[in-house]
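Notes for the one structure printed next.
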Ligand code: NDP
Ligand code: 8X3
């Protein structure tokens, strides 16, 4: 049985990806900070073997300890989905809150690096691995007030290319999935629990669902070993660019 390691599986795209990959025959390592959410998920997926790890991806020592402590039957990770991340705030750069900047740069960029670094020795030793980094349309188009979030996702785009180059000799595939608007807890986090404002983001059009992204990831990681779908941009049919959305 192949093993998929999914960060940020307690919600949204990560959770849906865990469900999809469990149906595709993977056993799972699921991570996040909210243990009870992950326990609920593991119960839902039973009898598929699921190992839960709770850590903050910004905490390098916690990431390393969690991966080092994986039981042998989950330690050989075939697929890593670097999904954990969020936007925090939406403000002009001059009004930005440095605590939000830290959360985005440390979580979306350094967290991805810490998790990858912890898992790469086993992948390079086995000459086997497939890494899916969740970027965003925001990493390819900077929009007003998106500044630091967009920068964090632009870093994911650059890192995905860099990882693909450096890991080529090690037979490790690296890919980037860039969603447009997906209705998850993303906007609730961005707007710090303001549920009306969060719901407003998706009013007047049909956004993507987390399951739409999970479908694509499942397809990507079940291609034959000689195939790497290196970059995907997936948008709601009503979206043409980061801030161009048809509202009927
Ligand atoms: P959700 O808020 O629903 O899920 C975010 C997940 O990331 C949660 O499971 C959360 O777990 C985890 N997470 C966030 N910060 C940390 C942290 N510091 N340490 C550990 N886990 C963390 O949002 P989405 O599912 O939408 O977001 C998933 C990814 O998709 C993100 O990288 C996001 O940037 C990206 N994305 C989202 C889009 C959208 O429109 N929704 C579009 C494009 C990209 P917990 O809180 O339990 O730690
Ligand atoms: C999430 C999509 O356009 O809100 O990455 O930044 S967007």
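Cβ crowding within 10 Å, taken as a proxy for footprinting-reagent exposure, orders 149, 143 from fewest neighbours to most as 143, 149. Hey, could you grab the Kirkwood Rh for the chain? Inverse mean 1/r over distinct alpha carbon pairs, Å, one decimal. The answer is 18.2 Å. Return the percentage of antiparallel bridges among DSSP beta bridges fully within the stretch 176-248, rounded to the nearest 5 %. In the stretch 176-248, DSSP labels about 25 percent of beta bridges as antiparallel.
Please list the three semi-axes, largest first and in whole Å, of the ellipsoid equivalent to the stretch 1-137, using sqrt of 5 times the eigenvalues of its alpha carbon gyration tensor.
Values for the stretch 1-137, descending: 26, 17, 13 Å.
Each Cα pair under 8 Å and six or more residues apart adds its separation to the average, and for the chain the resulting relative contact order is 20 percent.
When each of 78, 196, 59 is scored by the number of other beta-carbon atoms lying within 10 Å, the sequence from fewest to most is 196, 59, 78. When each of the peptides 221-228, 27-34 is scored by the mean number of other C-beta atoms lying within 10 Å of its residues, the order from highest to lowest reads 27-34, 221-228. Which of rounded, prolate or oblate describes the stretch 100-145 when judged by the alpha-carbon gyration tensor and an a/c cut-off of 1.5? Verdict is oblate for the stretch 100-145.
Computed over every Cα-Cα pair of the stretch 154-248 and binned at 10 Å starting from 0, the pair-distance distribution P(r) comes out as 14, 36, 31, 15, 4 percent. Remark: 127, 161 ranked as 127, 161, counting other beta-carbon atoms within 10 Å and listing the fewest first.
Can you tell me what share of the DSSP beta bridges in the chain is antiparallel? A percent to the nearest 5 is fine. Kindly include the intermediate steps, with their values, before the conclusion.
On the way: 2 of 30 bridges.
Of those bridges, close to 5 percent are antiparallel.
Measure out, as a whole number of angstrom, how far apart the alpha-carbon centroids of the stretch 1-51 and the stretch 66-86 sit. So the two Cα centres are separated by 11 Å. Note on residue 234 and residue 91: their simple-model spin labels are 3.3 nm apart, each label 7 Å out from Cα toward Cβ.
Bear in mind these aren't lab numbers, they're just calculated from the coordinates by the rules spelled out. Note that the structure is predicted; figures quoted are calculated from it, not measured. Every residue, glycine among them, receives a Cβ derived from its backbone with ideal geometry; neighbour counts consider all protein chains shown.
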